[in-house]
1. So for each of 403-415, 352-364 I average, over its residues, the number of other beta carbons within 10 Å; can you give me the resulting order with the highest mean first?
2. To test your reading of the geometry: what angle, between 0 and 90 degrees and rounded to tens, separates the Cα axis of helix 360-370 from the longest principal axis of the chain?
3. What FRET efficiency comes out for residue 309 versus residue 342 if R0 is 25 angstrom and r is the Cβ-Cβ distance? Round to the nearest 0.05.
4. If you line up the long axis of helix 334-347 against the longest principal axis of the chain, both from Cα atoms, how many degrees apart are they, to the nearest 10?
5. Below 8 Å between Cα atoms, with a sequence gap of 6+, how large is the relative contact order for the stretch 348-538 in percent?
6. Given bins 5 angstrom wide, list per bin the percent of all Cα-Cα distances in the stretch 291-357, short to long.
7. Output the 0 to 90 degree angle, nearest 10, between the alpha-carbon long axis of helix 508-518 and the longest principal axis computed from the alpha carbons of the chain.
8. Would you order 301, 367, 32 from fewest to most other beta-carbon atoms within 10 Å of each residue's own beta-carbon?
């Protein structure tokens, strides 16, 4: 007779799960044995946080929940940062944690934490499974909830005795298609009329516009609407092609060059903006452009975002219906196109700077040069994220992965590992600051063990650079943000990876190219000079009559 653990694994197979990431414990041993006999690959990581980041990135790139597993108590709590990462970033993920037996307590409260309660504010759904017979329907519901808009993490706790209990055979519940509601005709007509009446309409693509299934619909919408567009950080790369309508990325909240176009627009068509992101622009109580919100869900009204009209329904169907109403009727504003050229010209400044340590602009330029259009760059969180968001041009959707929601450090390497697993044969680059890399650097061993082809670029400044920049902008003394580092080349080699150290600006591009050609896991260290954090992002923008410091 099957056990509860067998029903769980069968239900996961029914959902198409082919790999699970994590660090199991003694409370998961029945599940581990069921996995051993299944088609699902158990991938052991060196920390549960990395397993959660990998599962979340699986959901981000495929639209299907990634799955991770941990033991009870300390292992389960190590999932919480990954849960918040997926929750704020709208990435579908299933977390399965163990627990002590619930029908007897022979170990009293040893290692027992109320993980279900801990996960409640960090997930869409959290549930303890109390009966083997409930497993098939519980798993099916977990996947449905994780994938439904707005996507996110779901947590299931499986106690040891429920996993080991015998249960009558139960057939998994077959998945069914999720048909999303379509926007009302009246809302579509109202939005189309506002767009046709505007003199300088501008499209913005936000985080919810960057779902894998929307690539074709959004790319077609931009082409047929024939309007200039910009994106938020997490909306970057939602549209294929190097469109001549692309105005830039709102890497700051205001006063950057792209905001010249935003401020001149009289209407912004906001596609999928999620206010978990740092604001791409600041709406005013009076004046400024009107805003149409297009989304799966109604907009969250915030002090800095309060749209004038909403079109609620499946984004793909909505933008297709709008394109039908707008095609052939619009021309891009000459004023916005002229601003576009000026904006992009400014972003090319210092792209060939020969200084060493290297400027972030030169690093971005050389990374863009070494990455094919379909190559995937995964950013950790640090000062360089702003520079990549501003300067890195994407030509294929979902080829620049960054997090502007939780914006946690430590996610860059695990997310790149997941991207490499899903996309063998494509160049995948993790870009990490020295601070963020060291938070999950132990996963270098996992990457080597898995035989991944992956390059990890470490930007070394011996400091928490973004906080140090903000400290300087706000007029505080330089204090408390510096640290020491290991020898990154020897550190990587100790895990069995290859490693290189860049000693001159002109050496970065060929070093990265050689690392990719050599295959396997290869770490590249380069020194970065963040002097332009102040010189460009503060002083230069102020000199261009943009007021005070950018946020």
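Every number in this text was worked out from the coordinates using simple rules, so none of it is lab data. The shown structure was predicted, so the numbers you read here are calculated from the model rather than taken from an experiment. Cβ atoms come from the backbone with ideal geometry, glycine included; neighbour counts cover every protein chain shown.
1. Descending packing order for the listed peptides: 403-415, 352-364.
2. 70
3. The calculated FRET efficiency here is 0.25.
4. 70
5. On the way: 360 pairs, mean separation 47.8, N = 191.
Dividing the mean separation by the residue count of the stretch 348-538 yields 25 percent.
6. 4, 12, 12, 12, 14, 16, 12, 7, 6, 4, 1
7. 40
8. 301, 32, 367
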